[in-house]
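One structure is given here, and the rest of the page talks about it.
Read the figures in this text as sums done on the coordinates, not as results from a lab. The shown structure was predicted, so the numbers you read here are calculated from the model rather than taken from an experiment. Here the Cβ positions follow ideal geometry from the backbone for every residue, glycine too, while neighbour counts run over all protein chains shown.
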Amino acid sequence: MNKEEICAWLERYRQGEASLEESADALSRLPYEDIGFAQIDHHREMRQGFPEVIYAEGKTKEQTRAIFLRLLAESKKSVMATRISSEMAAYVREKAPEAVYDEAARILYVRRETENVDETRRVLVLTAGTSDIPVAREAALTAELMGNAVDACFDVGVAGIHRLFAHEEEIRRANVIIVVAGMEGALASVVGGMTARPVIAVPTSVGYGAGFHGLSALLAMLNSCAAGVAVMNIDNGYGAGVLASKINKMR
């Protein structure tokens, strides 16, 4: 429930179109809704501009579906479940057939129209390699669903840096840049040195043994010689998409 809906309920009560009991019941769900195994934060949309997002990994398919359906019923904005398997997504879609599953991003979502998407303020997602695309898709789709114009360039890592330079126009046009890289994570430093725009680096668990499942890339990004590079947790494309959206919408 957002501010406009609260005002609408109060106006309906004032005009006698809704009873005190009906209004109290609607407003009682504002802080959160207790469904036993979860306390759904319906107030988050008002506080942060976007509904609570479900992290499906570790939940049962029944729990995920129940939370998804309640968010779908209460929110007017897009609804998302991240890190969700194809099997679990199919189970949720039995009751929410309008939901779409992005297998690469592992996100199940219902997209609702976003007002005032500023096409001139764009989020650019870059990956070092093709193996980084799943994390990049999670970041890109998250930013899109949160109402941003998003571009993507894949497989432009430093092993063939001419591929990155071929996308200088997209880099100059972007308002926020997300760089997704595994191995040694060097792409974030290179991009950070090419632009004055905010750069959000996402280390991935892509790489051989000494990469320590993304730890090498994480440490390299944290020690970037390019100033002003923000670093997310390993494989956290969702977090990068959220941060990019917040930065992109600042005025």
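Numbers at a glance
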read-out: Cleavage-rule hits (chymotrypsin sites (Phe, Trp or Tyr not before Pro)) in region 176-250: DSSP loop, at most 13 neighbouring Cβ within 10 angstrom; value: 208
read-out: GluC sites (Glu not before Pro) restricted to DSSP loop in region 109-193 with at most 14 other C-beta within 10 Å; value: 113, 115, 119
read-out: Size of charge dipole - region 124-251 - debye, nearest 20, with Cβ of Lys, Arg +1 and Asp, Glu -1, no other charges; value: 420
read-out: Neighbourhood net charge (13 Å Cβ-Cβ; Lys/Arg +1, Asp/Glu -1) for residue 163; value: -3
read-out: Qualifying GluC sites (Glu not before Pro) for region 69-106 [loop in DSSP, other Cβ within 10 Å: at most 16]; value: 94, 98, 103
read-out: Percent RCO, i.e. relative contact order, over the chain, from Cα pairs under 8 Å lying at least 6 residues apart; value: 13
read-out: Note, ³J(HN,Hα) from phi for region 34-42, Karplus 6.51, -1.76, 1.60, rounded to Hz, x at Gly and Pro; value: 8, 10, x, 8, 8, 10, 6, 8, 6
read-out: DSSP-defined beta bridges in region 48-110 - what % are antiparallel, rounded to 5; value: 75
read-out: Degrees, to the nearest 10: 237-248 long Cα axis against longest axis of the chain; value: 80
read-out: Dipole axis of the chain (+1 Lys, Arg; -1 Asp, Glu on Cβ), positive-most option in 236, 140, 167; value: 167
read-out: Antiparallel content of DSSP bridges confined to the chain, in %, to 5; value: 30
read-out: Ranked by how many other beta carbons lie within 10 Å on average, peptides 36-42, 173-179, 148-154 from highest; value: 173-179, 148-154, 36-42
read-out: Sequence-separation-based contact order of region 108-251, relative, with Cα cut under 8 Å and 6+ spacing, percent; value: 26
read-out: Computed [θ] at 222 nm, deg cm²/dmol, the chain (DSSP H ≥ 4; -39,500 (n - 2.57); rounded to nearest 500); value: -11000 deg cm²/dmol
read-out: Three-way shape label, region 48-110, alpha-carbon gyration tensor, a/c 1.5; value: rounded
